[in-house]
Amino acid sequence: MKHLITTTLVLFSFFAVGGGYYSPSIDQYDPVTGLYFKSVKLEKESSFLSSSDEAIVNIFIYDPSKDSGYYLFPENHEKQIVALSFETALKDGVVEFNNSYSSPVKNNTGIIDRQPKPTMLVVTRDSKKQTDTFFTANKITGNPKEIGKIHSTSNWHIDVKNSKIRVVRQVGNKIKMESLAW
């Protein structure tokens, strides 16, 4: 009986940590602008042996000083948001980014003293076409602008020092690099 209880607890722990109950969200203030960012989720149907899965499909950005907000994308937007990044500070030559739902950041040392960028980077995923689309938008005014698309299995990161998004993919035994300005 002890073995059955232990096995059950281990399985429940596995599902809780392994993604069964994890639901990413965006729920934070930008220390630079004072804006509040909140994820808008679209609940997906659950399947056998899994809980329902929620996908972030939009971001509501609220300005407390004006008591108003806006949706980054049209309200009927259904592509999943897989990354949101924006700079929040520069300390000791390193740019700090928002702490939840962030993107991979590299080459982030020895940055010349400057103000954090007023733009955010948002990446959406079209699961059917297996593509990720990169957008930049001003944090205060929105208006997302598409800057590039990649296959959703490609690796990418933010090259902070050079203000680029580096897309890295291997084709055969060759490495292909693509750079997107942000």
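The values are calculated or read from the model by the stated rules, or taken from the named source; none is laboratory data. Computed from a prediction, not measured in an experiment: that's the story for all the values here. Virtual Cβ from ideal backbone geometry, glycine too; neighbours counted across all protein chains shown. Please note that ligands, DNA and RNA were not included when accessible areas were found on the heavy atoms of the full protein model with its side chains. Shrake-Rupley method; radii C 1.70, N 1.55, O 1.52, S 1.80 Å.
List of remarks:
- Only one entry in PRO24, PRO31 is modelled with pLDDT of 50 or more and either open to solvent by 50 Å² or more (accessible area, probe 1.4 Å) or in contact with a strand residue (DSSP E or B) (Cβ under 6 Å, 6 or more places away or on another chain) (or both), namely PRO31.
- Qualifying positions in the stretch 84-108 - of a type in the set (S, T, N, Q) and in contact with a strand residue (DSSP E or B) (Cβ under 6 Å, 6 or more places away or on another chain): SER85, THR88, ASN98, SER100, SER102, SER103, ASN107, ASN108
- LYS38 falls short of the stated requirement of being open to solvent by 60 Å² or more (accessible area, probe 1.4 Å), out of contact with any Leu (no Cβ under 6 Å at 6 or more places or on another chain), in a loop (DSSP other than H, G, I, E, B) and modelled with pLDDT of 95 or more.
- In a residue-by-residue description of the stretch 108-131, the property of being at negative phi, surrounded by 14 or more Cβ atoms within 10 Å (Cβ to Cβ), among the basic types (Lys, Arg) and out of contact with any helix residue (DSSP H, G or I) (no Cβ under 6 Å at 6 or more places or on another chain) applies to at least one position.
- The set of residues from the stretch 149-167 being under 27 Å from HIS77 (Cβ atoms) and surrounded by fewer than 18 Cβ atoms within 10 Å (Cβ to Cβ) comprises LYS149, HIS151, SER152, THR153, SER154, ASN155, HIS157, SER163, LYS164, ARG166.
- TRP182 vs. criteria under 16 Å from the mean Cα position of the chain (by Cα) and free of Cβ contacts under 8 Å to residues at least 60 places away in the same chain: no
- When the criteria are applied in full, LEU4 meets the requirement of being at pLDDT below 90 and either among the aliphatic types (A, V, I, L, M) or in contact with a Lys or Arg (Cβ under 8 Å, 6 or more places away or on another chain) (or both).
- Flag for SER65 being closer than 21 Å to ASP30 by Cβ and open to solvent by less than 30 Å² (accessible area, probe 1.4 Å): no
- Test: residue in the stretch 168-175 that is in contact with a strand residue (DSSP E or B) (Cβ under 6 Å, 6 or more places away or on another chain), surrounded by 14 or more Cβ atoms within 10 Å (Cβ to Cβ) and touching a residue at least 24 places away in the same chain (Cβ under 8 Å): no
- Strands (runs of 3 or more DSSP E) wholly inside the stretch 62-155 that include at least 2 residues being free of Cβ contacts under 8 Å to residues at least 40 places away in the same chain, basic (Lys, Arg) and out of contact with any His (no Cβ under 9 Å at 6 or more places or on another chain): 142-151
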